[in-house]
Amino acid sequence: MLEGKLIVVTGAASGIGAATAALAQVQGADVIGVDIVAPASGGARRFIQADLGDAGSIASLAAQLPHGIDGLANIAGLPPTRPAAQVVKVNLIGLKTLTTMLVRKLADGASIVNLASLAGHGWAGSKESILASEALQLDDVEAFCRAYGIDGASSYFFAKEALIAWTLANRWTWRDRRIRMNAVSPGPVDTPILKDFLRTLGARAEEDMRTMDRPGTPADIAPVVCFLLSDGAAWIRGSNIPADGGMSSNLLMQAHGFQ
Ligand SMILES: NC(=O)c1ccc[n+]([C@@H]2O[C@H](COP(=O)([O-])OP(=O)(O)OC[C@H]3O[C@@H](n4cnc5c(N)ncnc54)[C@H](O)[C@@H]3O)[C@@H](O)[C@H]2O)c1
C-alpha cells in the first residue's frame, strides 16, 4: 500500500508513532522516524533526533530531511500532565512549524496526517482562541497561554482543537500540487501516556472508560494513519477521521438529542 513511498513519522519512538512507523515499513515505505528520544531497536530504519518544541531543533530537522517526501505523519505529542505551554508547543505550534517548513520538500501528491484526538471534538466552540493562535510562533506560546487562560489539562484540549481546525482550514491550501492534509482522532489508547490522561482528566476519563468496551491500542490507529498516507485516500482532504470505538458518534448522538 505504501510501496516505494518516503514517509516521515514523528513520535516514532513510542506508542502510536512506533506502530505507524513499523506498519508503514511492512507496507513497503522507506520510513524516517523522528523523536526527542531514540527508539528501541526494531523501530524505523532511519532516525533523526529532534525536539519538536524547539524552533532551532525543528529548523535543523527540516534542513536534514531530504526532498521528495511522500508522507508526513505528525504523531509526536505530550500528555496533559506536562506544563501547559510545552504541550501547546509540541502538540500544535511545533507541529505546524515543521509542516510549513517541509511543504517545499514534499512530493506532489503527498499526504500529511495529523494525530489529533477525541479531546479536540469541541473545536468549533473555541473559535476565538483558535483564530488568535493562527500565526503564533514558538517563542510567543507562554504569553499566549497566559492571555487565553490556557493552563493544566486545558492545554491538551486546546492544542487538539486547534489542530483539527488547522487541518480543516488547509483542505485546499496545496491543491495545485495535490498535497492533502487530514487528521486522525483516537479515543483513549493504551500507550505510556494513557495513565496521564486518567490522572488529569479525572471523572471525565473515568466516565469515558465506563462507556467504552475497551481502550484502543496503537494497532487500532496505525492502519488508519497508513491508509490516509496511501494513494487510496487521494480524495480525502481536510477530514478529521475518528478512530475511537464509537465515542465521537456517541457524543454527537447525545448532543443532538438522539439515543
Ligand atoms: N494515548 C492516547 O490515549 C491518545 C489518544 C488520542 C490522541 N493521542 C495522541 O497520539 C499521539 C501519540 O501519543 P501516544 O499515545 O503514542 O504517546 P507516546 O508517549 O507513546 O508517544 C509520544 C511520542 O512523542 C515523543 N515526543 C514527545 N515530545 C516530543 C518532542 N518535544 N519532540 C519530539 N518527540 C516528542 C515522545 O518521545 C514519544 O515517543 C500524541 O499526539 C497524542 O496526543 C493519544
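Here are 23, 2: which of them is within 15 Å of the ligand (Cβ to nearest atom) and not in a strand (DSSP E or B)?
Values: 2 fails: within 15 Å of the ligand (Cβ to nearest atom).
Testing whether each residue is within 15 Å of the ligand (Cβ to nearest atom) and not in a strand (DSSP E or B) leaves just 23.
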| request: Kindly provide the set of residues from the range 58-95 that are more than 10 Å from the ligand (Cβ to nearest atom), assigned to a loop (DSSP other than H, G, I, E, B) and either in contact with a Cys (Cβ under 8 Å, 6 or more places away or on another chain) or modelled with pLDDT of 95 or more (or both), ordered by number. | output: 65, 66, 67, 68, 83
| request: Name the single residue, out of those in the range 47-57 being in contact (Cβ under 8 Å) with a residue 60 or more places away in the chain and either surrounded by fewer than 21 Cβ atoms within 10 Å (Cβ to Cβ) or assigned to a helix (DSSP H, G or I) (or both), that is farthest from the ligand (Cβ to nearest atom). | output: 55
| Conditions: (1) without any contact (Cβ under 8 Å) to a residue 24 or more places away in the chain; (2) in a loop (DSSP other than H, G, I, E, B); (3) surrounded by 15 or more Cβ atoms within 10 Å (Cβ to Cβ). Residue 245 meets all but one. Number of the miss? | (1)
| remark: Every listed condition ((1) within 10 Å of the ligand (Cβ to nearest atom); (2) among the hydrophobic types (A, V, I, L, M, F, W, C); (3) modelled with pLDDT under 95) holds for residue 44 save (1)
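Residue by residue, here is whether (1) of a type in the set (A, V, I, L, M, F, W, C); (2) part of a loop (DSSP other than H, G, I, E, B); (3) surrounded by 20 or more Cβ atoms within 10 Å (Cβ to Cβ); (4) within 11 Å of the ligand (Cβ to nearest atom) holds:
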| site | (1), (2), (3), (4) |
| --- | --- |
| 198 | yes, no, no, yes |
| 207 | no, no, no, no |
| 225 | yes, no, yes, yes |
| 236 | yes, yes, no, no |
| 249 | no, no, no, no |
| remark: The lone condition residue 179 fails out of (1) at pLDDT 95 or above; (2) within 14 Å of the ligand (Cβ to nearest atom) is (2)
| request: Scan the range 185-204 and report the pairs whose first residue is without any contact (Cβ under 8 Å) to a residue 12 or more places away in the chain and whose second residue is within 10 Å of the ligand (Cβ to nearest atom), with Cβ atoms within less than 6 Å and a gap of 6+ or a chain change. | output: 198/205
| task | Name every residue in the range 26-41 that is more than 9 Å from the ligand (Cβ to nearest atom) and in contact (Cβ under 8 Å) with a residue 24 or more places away in the chain, in order of residue number. | result | 27, 28, 29, 30, 31, 32, 33, 38, 40
| Residue list for the range 99-123, filter: more than 12 Å from the chain's Cα centre (by Cα), of a type outside the set (Gly, Ala, Ser) and either assigned to a helix (DSSP H, G or I) or within 15 Å of the ligand (Cβ to nearest atom) (or both) | 100, 101, 102, 103, 104, 105, 121, 123
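The values are calculated or read from the model by the stated rules, or taken from the named source; none is laboratory data. This is a predicted model, so every value here is computed, not measured. Every residue, glycine among them, receives a Cβ derived from its backbone with ideal geometry; neighbour counts consider all protein chains shown.
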